[in-house]
Amino acid sequence: MAGGGVRRRLAQLRMPPYSPPFALWLIIGTAYYAICLIVLRHLLASGSFNPSVVATLILLILVLLANALWSVLFFRWHDLRASFIAFIPYAIVIAALVALLVRTYPFGAALFLCYGVYLVYATWWGYQLWLLNTKKT
């Protein structure tokens, strides 16, 4: 979904308090992909493909795929409940990635730990968004 579609989708929703403006969402998304790129580059440039590095690469790929799935749930299918529930396994994969990165790339672990702090907010935001936009019968 192009930027205009994202903006349109967000404009359709009742937003929880403390929702970032659209420009900040773009910065958050850019920072996320920058973190992934930094970690991926380091892991691939290390030249060492021991089991720990391979497991870390697999988890990083899972994180990217899970993030793409969240985007489909939220933006394409407009399923706020499923997009909120998706935060749970996603957070578990992020935690596992941080745990592996502590051994293989501590700076990458620190970057993803910062992302994990944001993820706490994002989970709260997703839950509030779901509640605010659920039709009461």
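The values are calculated or read from the model by the stated rules, or taken from the named source; none is laboratory data. Bear in mind that the values here come from a model prediction, so they are computed numbers and not experimental data. Reconstructed Cβ throughout: ideal geometry from the backbone, glycine too, with neighbour counts over all protein chains shown. Just the protein is used for accessible areas: all its heavy atoms, side chains included, with ligands, DNA and RNA removed. Shrake-Rupley method; radii C 1.70, N 1.55, O 1.52, S 1.80 Å.
On a 0 to 90° scale, report how tilted helix 22-45 is relative to the longest principal axis of the chain, with both axes built from alpha carbons and the result rounded to the nearest 10. Its long axis makes an angle of about 20 degrees. How far is helix 51-71 tilted off the main Cα axis of the chain, in degrees rounded to 10, range 0 to 90? On a 0 to 90 degree scale, this one is about 10. Average accessible surface for the chain: 59 Å² per residue, computed with a 1.4 Å probe over protein heavy atoms with every protein chain in place. Would any residue of segment 123-137 have its amide N under 20 Å from a label point 7 Å out along Cα→Cβ of ILE88? List them or say none. Output list for this probe position: 123-134. In degrees, nearest 10, range 0 to 90: what is the angle between the Cα axis of helix 106-132 and the longest Cα principal axis of the chain? Between helix and principal axis, roughly 20 degrees. Taking the alpha carbon gyration tensor of the chain, multiplying each eigenvalue by 5 and rooting it gives semi-axes of 30, 15, 13 Å, largest first.
Taking label points 7 Å from Cα along the Cα-to-Cβ direction, ALA99 and CYS114 give a separation of 2.4 nm. Roughly how many percent of the accessible protein surface of the chain is carbon and sulfur, given a 1.4 Å probe and a whole-percent answer? On the chain, the fraction of accessible area on carbon and sulfur atoms equals 73 percent. Mean residue ellipticity at 222 nm, helices only, the chain: -26000 deg cm²/dmol; runs of at least 4 DSSP H residues each add -39,500 (n - 2.57), and the sum is divided by the number of residues.
Normalised by 2.2 N^0.38 Å, with N the number of residues, the alpha-carbon radius of gyration of segment 6-86 equals 1.37.
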